[in-house]
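Here's the structure we're looking at; comments come further down.
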Amino acid sequence: MDGTPQYPVAPHARIIDPLLLEGSPWANGGGITYEVLKAPPGTGYSDFDWRLSIAEIVQDGPFSSLPGVDRTFVMGSEGLLRMSVDGESRDLRLGALAAFPGEVDVSVRVLEGPTRNLNLMTRRTVCEGSIDVQRVSGALHVGGTNGPAALVVLSGTVRLGGDGVLQPLQVLVPGCSEEELSCEHALLAAVHVRFRPQT
């Protein structure tokens, strides 16, 4: 993770399966959110610095307004969504990305679904976030101080040492030590968070 302040990082990578976590149904009934990572730990929805979640979208509807928060959305499964951002529509399939301020009007239509998707939120005054979607075959080294905050498997085969094969939408959180992933035709989403200088 780039920038300061730094939050505690484990010595070795860990794997999170979002679908084993407790989900929170949306107020409008349009989906369920599984919170994967949040910093600082223990903060609530109104005072986090950044937050990564997996959202299962089952029906058409609007996104919540989040003033002061920037959002990056990645289509994380097969299916088809039509997303409207401030009146401009585009179709999203697996791996497609959309980034927008939390204040704007955003809604989706589920054309083929339900779908599961990545949602990165960053507090604009504190940090900025991005997600890089990349195809990888071969070795990929993760861990250390300047890499991504998380890697999310979208498709393909990804192995981490003796921990076996990561399944789609499982999240790898790199540790302090560099470790090697073995990838075969993998589509990965690398989540980056950069903190703004403190004044």
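The phi-based Karplus calculation (6.51 cos²θ - 1.76 cosθ + 1.60; θ = phi - 60°) puts the 3J(HN,Hα) values of region 59-71 at 8, 4, x, x, 8, 5, 7, 10, x, x, 10, 9, 10 Hz, whole numbers, x for Gly and Pro. Here the chain is assigned +1 on the Cβ of each Lys and Arg and -1 on the Cβ of each Asp and Glu. Its dipole about the Cα centre then comes out at about 140 debye. A simple count of charges around Val126, restricted to other residues whose Cβ falls under 12 Å of its Cβ and scoring Lys, Arg +1 and Asp, Glu -1, yields +1. Between Arg124 and Ser89, the simple label model (points 7 Å from Cα in the Cβ direction) yields a spacing of 2.7 nm. For a test of the definition: using alpha carbon positions, the gyration tensor, and the 1.5 limit on a/c, classify region 1-99 as rounded, prolate or oblate. Note, shape of region 1-99 comes out prolate. For region 150-199 versus region 33-106, the spacing of their alpha-carbon centroids is 20 Å.
What net charge do the residues around Thr43 carry, taking every other residue with its C-beta under 12 Å from that of Thr43, with Lys and Arg at +1 and Asp and Glu at -1? Charge balance in the 12 Å sphere: 0.
We did not get these values from a lab; they are worked out from the coordinates using the rules stated. Only a predicted model underlies this, so the values are computations on that prediction, with no experimental measurement involved. Virtual Cβ from ideal backbone geometry, glycine too; neighbours counted across all protein chains shown.
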